[in-house]
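Structure first, then comments.
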Amino acid sequence: MDERGMNQAEVLKQLSEKLKRDLTYTSGLILGSMCTKPHPFAKEVFQKHLEKNLGDPGLFQGTVEVEREAICMLASLMSKPDAPGFIVSGGSEANILALWSARDKLNKRQVVASASCHASIDKAAALLGLKLVKAPVTEEGEVDVDAVRRLINDDTAAIVSIAGTTDLGVIDPIPELSELALSYDIHLHVDAAFGGLVIPFLKELGYKVPDFDFKLQGVASITVDPHKMGMVPIPAGGILFRDEESLKPLSFNLPYLSGGPALQYTITGTRPGASAIAVWALFKHLGREGYRKVVARCMELTEIIAIEVERIPKARLVRKPVMNVVGITFDGVKVEAVAEKLRRRGWAISTVRGFIRIVVMPHVKLRHITRFMRDLKEILREEV
Ligand code: 0PR
């Protein structure tokens, strides 16, 4: 830090120079991210409430109430309006909280997860001293339920299933896993960080998607992140539990807080109230109808990509998209070579296990897809 401060105009000038290197969602070049440009209304509300701290709830009782209502709206989307939960820093924190609760409720140390689980499950296991075993996925990307069953042992605390995998947006057979969890009396966590704000609307739009939420009696906790398909500014993750009992292992008393003694249940102490407020505001503003429209549009564009890919001789879909995530693979051409050329043309795409992953987020428009498909075709022609 310099001894003397700089005037604000100069600071802003230097900052904008440095940040020029960042990509923007509006450029349409970001095709491999599960985040998006925040909805302008959520952004406006968020900016107004930066001082709110849910870490000292007694000082911000209004914000506490708003968080409770935001959680209730999220929980009703997950078929259980009274499910307790919190707006947290993201899916990683939510997943850690779920496994922490499962470990201490059952006093067991093993977790069986789908091989396609997000890295945050590996992080959670490492942090919590859990033995993580992974069940393979089928060719379609869903966890193999028989393999999960075989991996369960006397020390199993939880099964982690995914509703909207990071790589392909696939939904595990959660109804069957729910039965399994009930029969072994273990915790079933559903990581719907991405899919949780897609699947309920897909259902309403008439897509055939399996049940994944608290409707299934074996589901004990759900991660669902408003800062992904919810279009709320980062950070806004969500964790929900079936019952209050699950919160007990997470409960820590902070007797000295200036707003009065309070229990904290999240990993972070100081916690942005603005996040919970922005979730509340955007859910109220858009309603189910608004989110349904967003999901419908993302799916229209996803289907356009799917049709276009199938028309390219050397390209094919890894599988029929379940939600707005598309995996593209190539015959006789190395995926890394294609990805490299796409990146050189400015596209920010991910490569996973031999395919390119496109996430059709709300910032992706038809013109971006048209340009991307044209580039992809050109690159594949060059690769002959
Ligand atoms: N669970 C699932 C199924 C996820 O896909 C993710 C993140 C998480 C948990 C963890 O969520 P947080 O990152 O909020 O802690 N999935 C994205 C991914 O790994 C995260 C992301 C988002 C990465 C935007 C890059 C990006 O540009 O692809």
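The values are calculated or read from the model by the stated rules, or taken from the named source; none is laboratory data. Since the model is a prediction, treat every value here as computed from it, not as a measurement. Positions of Cβ are generated from backbone atoms using ideal geometry, with glycine treated the same way; all protein chains shown enter the neighbour counts. The accessibility values were calculated without ligands, DNA or RNA, using every heavy atom of the protein model including side chains. Shrake-Rupley method; radii C 1.70, N 1.55, O 1.52, S 1.80 Å.
Specify which of the listed residues (Leu132, Leu99) is of a type in the set (A, V, I, L, M), open to solvent by less than 50 Å² (accessible area, probe 1.4 Å), closer than 25 Å to Gln264 by Cα and touching a helix residue (DSSP H, G or I) at 6+ places or on another chain (Cβ under 6 Å).
The match here is Leu99.
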message = Restricting to the stretch 168-178, name every residue that is open to solvent by 20 Å² or more (accessible area, probe 1.4 Å) and in a loop (DSSP other than H, G, I, E, B).
response = Pro173
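With respect to Arg357, is the statement that it is of a type outside the set (A, V, I, L, M), open to solvent by 80 Å² or more (accessible area, probe 1.4 Å) and either touching a residue at least 60 places away in the same chain (Cβ under 8 Å) or in the same structural domain as Ala315 (by TED's automatic domain parsing) (or both) true?
On the way: of a type outside the set (A, V, I, L, M): yes; open to solvent by 80 Å² or more (accessible area, probe 1.4 Å): no; either touching a residue at least 60 places away in the same chain (Cβ under 8 Å) or in the same structural domain as Ala315 (by TED's automatic domain parsing) (or both): yes.
Answer is no for this residue.
Yes or no: Ser161 part of a helix (DSSP H, G or I), buried (at least 16 other Cβ atoms within 10 Å of the Cβ) and touching a strand residue (DSSP E or B) at 6+ places or on another chain (Cβ under 7 Å)? Outline the logic, then answer.
Working: part of a helix (DSSP H, G or I): no; buried (at least 16 other Cβ atoms within 10 Å of the Cβ): yes; touching a strand residue (DSSP E or B) at 6+ places or on another chain (Cβ under 7 Å): yes.
Taking the combined requirement at face value, the residue does not satisfy it.
Residues are listed down the side, and each one gets a yes or a no for (1) under 24 Å from Phe194 (Cβ atoms); (2) not in a loop (DSSP other than H, G, I, E, B):
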| site | (1), (2) |
| --- | --- |
| Arg319 | yes, no |
| Gly327 | yes, yes |
| Gly332 | no, no |
| Ala339 | yes, yes |
| Arg343 | yes, yes |
| Met361 | yes, no |
| Val364 | yes, no |
| His368 | yes, yes |
message = For a quick check of your reading of the model, give me the residue pairs whose first member lies in the stretch 331-352 and is touching a residue at least 12 places away in the same chain (Cβ under 8 Å), whose second is in a loop (DSSP other than H, G, I, E, B) and basic (Lys, Arg), with beta-carbon atoms closer than 6 Å and at least 6 apart or on different chains.
response = Asp331/Lys314; Val333/Lys314
query = If you take the residues of the stretch 272-282 that are of a type outside the set (A, V, I, L, M) and open to solvent by less than 20 Å² (accessible area, probe 1.4 Å), which of them is farthest from Pro235 (Cα to Cα)?
reply = Gly273
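Residue-by-condition table, conditions (1) over 30 Å from Val364 (Cβ atoms); (2) touching a residue at least 60 places away in the same chain (Cβ under 8 Å):
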site	(1), (2)
Tyr256	yes, no
Gln264	yes, yes
Arg271	yes, yes
Ala274	no, yes
Ala281	no, yes
Gly290	no, no
Val294	no, yes
Leu301	no, yes
ask   = Taking the stretch 115-125, which residues are touching a helix residue (DSSP H, G or I) at 6+ places or on another chain (Cβ under 8 Å) and either open to solvent by less than 50 Å² (accessible area, probe 1.4 Å) or among the aromatic types (Phe, Trp, Tyr) (or both)?
value = Ser120, Ile121, Ala124, Ala125
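Inside the stretch 314-329, can you point out the residues that are without any contact (Cβ under 8 Å) to a residue 24 or more places away in the chain and either of a type outside the set (Lys, Arg) or open to solvent by less than 80 Å² (accessible area, probe 1.4 Å) (or both)? Full working, then the answer.
The initial filter retains those residues of the stretch 314-329 that are without any contact (Cβ under 8 Å) to a residue 24 or more places away in the chain, namely 316-317, 320.
Correct list: Leu317 only.
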remark   = The condition of being aliphatic (A, V, I, L, M), closer than 28 Å to His285 by Cβ, more than 18 Å from the chain's Cα centre (by Cα) and open to solvent by less than 90 Å² (accessible area, probe 1.4 Å) holds, among Ala83, Ala75, Ala9, Ala70, only for Ala83
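Would you check which residues across the stretch 135-151 are open to solvent by less than 20 Å² (accessible area, probe 1.4 Å) and touching a helix residue (DSSP H, G or I) at 6+ places or on another chain (Cβ under 8 Å) and list them?
Just the residues of the stretch 135-151 that are open to solvent by less than 20 Å² (accessible area, probe 1.4 Å), to begin with: 135, 141, 143, 145, 147-148.
Residues satisfying the conditions are Ala135, Val143, Val145, Val148.
Just wondering, is there one or more residues in the stretch 51-69 that are within 16 Å of the ligand (Cβ to nearest atom), in contact (Cβ under 8 Å) with a residue 40 or more places away in the chain and assigned to a helix (DSSP H, G or I)?
Within the stretch 51-69, the first condition is being within 16 Å of the ligand (Cβ to nearest atom), and the residues that meet it are none.
Among the residues of the stretch 51-69, not one is within 16 Å of the ligand (Cβ to nearest atom), in contact (Cβ under 8 Å) with a residue 40 or more places away in the chain and assigned to a helix (DSSP H, G or I), which makes the answer no.
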query = Taking Leu180, is it modelled with pLDDT of 95 or more, assigned by TED's automatic domain parsing to the domain that holds Met73 and within 15 Å of the ligand (Cβ to nearest atom)?
reply = no
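Name the residues in the stretch 183-202 that are away from the ligand (no atom under 11 Å from the Cβ) and under 18 Å from Pro321 (Cα atoms), would you?
Just the residues of the stretch 183-202 that are away from the ligand (no atom under 11 Å from the Cβ), to begin with: 183-188, 197-202.
Result: Leu197, Val198, Ile199, Pro200, Phe201, Leu202.
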ask   = Can you find even one residue in the stretch 331-342 that is open to solvent by 10 Å² or more (accessible area, probe 1.4 Å) and in contact with an Asp or Glu (Cβ under 6 Å, 6 or more places away or on another chain)?
value = yes
